[in-house]
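Below is one structure, written out as structure tokens; comments come after it.
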Amino acid sequence: MVSTLTVPDRTMGVQRHTVRERYTPGMNESEACPPTTFTRTMRRVRQTRDYRADSVPEDVLRDILDVARWTGSVSNTQPWSFIVVTDSETKRQMAEAAPYTAHIGIAPVVVCVAREVKGTEIDNFDEGRLAERVMIAAEAHGLSSGLARAREEAQPIVGRLLGVPDGMVLRTMVSLGYATEEGAKPKSPRGEARRSLDSFIRHERYG
Ligand SMILES: Cc1cc2nc3c(=O)[nH]c(=O)nc-3n(C[C@H](O)[C@H](O)[C@H](O)COP(=O)(O)O)c2cc1C
């Protein structure tokens with residue numbers, strides 16, 4: 001069965017399209033998922049700091065990194081490389097160098113973003129987009145993830161550890177893995193992790 005969704009069309013008014021029509025040509029029906037299945041997956045993306053030792057399959061990791069590859073960047077500069085770290089000792093030293101990043105020492109895989117330094121504030125914005133995409137793609141594969149940010153004083157240390165060349169900086173690290181039971185537990189009572197939707201939304205003007 002093909003689900004339908006309502007897609008506003010600027011020239012013809014509101015039309016109903018099948019989900020399949022909205023997805024990439026060549027994708028077969030079993031691959032298409034209803035939009036709300038996808039948005040539910042996105043809402044499930046939370047910060048995880050406790051992982052099982054199970055490794056992440058190579059094809060899963062490549063699919064996640066391929067999603068990262070498609071992240072937009074200012075003028076399409078794509079000013080980054082992804083360093084995949086699985087070595088326990090390296091992860092331990094990274095976690096030691098950067099405060100509040102203990103989870104990268106525990107996760108089986110850490111995706112680190114090495115980025116050109118020369119950019120502007122907008123590059124930070126793009127880097128955030130990239131990190132979030134990694135987390136969403138991981139969630140879609142049933143993995144959990146955790147964002148870690150090396151503060152300014154820790155950046156040269158983690159950069160050196162991973163052989164990041166001059167002219168590039170390593171700030172963002174995303175841990176990936178399968179959450180332990182403890183790591184998967186909600187961190188706050190149901191309904192309290194975020195403000196209500198209506199408290200975020202304003203129409204046309206702030207006030
Ligand atoms: C820019 C940024 C940097 C972050 N850095 C860290 C970090 O270094 N270590 C960490 O454990 N969590 C880090 N976090 C994760 C936040 O703590 C997390 O997103 C927040 O607590 C919400 O968690 P939840 O999505 O599970 O509710 C960072 C988040 C952002 C947006």
Test: residue 202 is outside the structural domain of residue 72 (by TED's automatic domain parsing) and at pLDDT 95 or above: yes
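Select from the range 63-84 the residues that are in a helix (DSSP H, G or I) and farther than 30 Å from residue 185 by Cβ and write down the one among them that is farthest from the chain's Cα centre (by Cα). Steps first, answer last, please.
As a first pass, look at the range 63-84 and keep what is in a helix (DSSP H, G or I): 63-69, 74-76.
Okay, now just the ones that are also farther than 30 Å from residue 185 by Cβ, so 66, 69, 74-76.
Numbers: 66: 12, 69: 12, 74: 18, 75: 21, 76: 19 Å.
Within the range 63-84, the match that is farthest from the chain's Cα centre (by Cα) is 75.
Condition (residue is hydrophobic (A, V, I, L, M, F, W, C), in a loop (DSSP other than H, G, I, E, B) and within 11 Å of the ligand (Cβ to nearest atom)) applied to the range 154-161: is it met by at least one residue? Show your work before the answer.
Quick first cut of the range 154-161, residues hydrophobic (A, V, I, L, M, F, W, C) only: 154, 157-158, 161.
Applying the additional criterion that residues be in a loop (DSSP other than H, G, I, E, B) yields 154.
Those left that are additionally within 11 Å of the ligand (Cβ to nearest atom): 154.
Checking the range 154-161: at least one residue is hydrophobic (A, V, I, L, M, F, W, C), in a loop (DSSP other than H, G, I, E, B) and within 11 Å of the ligand (Cβ to nearest atom).
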Single residue of the range 143-153 satisfying the filter (crowded, with 16+ Cβ neighbours inside 10 Å and outside any strand (DSSP E or B)) that is nearest to the ligand (Cβ to nearest atom): 150
Is it the case, given these coordinates, that residue 54 is free of Cβ contacts under 8 Å to residues at least 60 places away in the same chain and loosely packed, with under 12 Cβ neighbours inside 10 Å? no
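Could you pull out the residue among 69, 62 that is assigned by TED's automatic domain parsing to the domain that holds residue 166 and farther than 23 Å from residue 165 by Cα? Reasoning before the result, please.
Working: 69 fails: farther than 23 Å from residue 165 by Cα.
Among 69, 62, only 62 is assigned by TED's automatic domain parsing to the domain that holds residue 166 and farther than 23 Å from residue 165 by Cα.
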Go through the range 79-109 and count every residue that is within 23 Å of residue 58 (Cβ to Cβ) and away from the ligand (no atom under 12 Å from the Cβ). 15
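Only one residue in 163, 191 is exposed (fewer than 10 other Cβ atoms within 10 Å of the Cβ) and under 28 Å from residue 59 (Cβ atoms), so which one is that?
Working: 191 fails: under 28 Å from residue 59 (Cβ atoms).
Of 163, 191, the one residue that is exposed (fewer than 10 other Cβ atoms within 10 Å of the Cβ) and under 28 Å from residue 59 (Cβ atoms) is 163.
Restricted to the range 110-141, and to residues that are near the ligand (Cβ under 10 Å from one of its atoms) and surrounded by fewer than 19 Cβ atoms within 10 Å (Cβ to Cβ), which residue is farthest from residue 37 (Cα to Cα)?
So the first thing to find is which residues in the range 110-141 are near the ligand (Cβ under 10 Å from one of its atoms), and the list is 124, 127-128, 131-132, 135.
Those left that are additionally surrounded by fewer than 19 Cβ atoms within 10 Å (Cβ to Cβ): 124, 128, 132.
Details: 124: 29, 128: 24, 132: 18 Å.
Across the range 110-141, the extreme among qualifying residues is 124.
With the requirement that a residue be outside any helix (DSSP H, G or I) and under 12 Å from residue 176 (Cα atoms), what does the range 119-142 give you?
141, 142 - these are the residues of the range 119-142 that are outside any helix (DSSP H, G or I) and under 12 Å from residue 176 (Cα atoms).
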Are any residues in the range 166-188 surrounded by 11 or more Cβ atoms within 10 Å (Cβ to Cβ) and under 18 Å from residue 124 (Cα atoms), and if so, which ones? 168, 169, 170, 171, 172, 173, 174
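The values are calculated or read from the model by the stated rules, or taken from the named source; none is laboratory data. Owing to the predicted nature of the structure, the values given are computational and were not obtained by experimental measurement. Here the Cβ is made from the backbone with ideal geometry for all residues, glycine too, and neighbour counts use every protein chain on show.
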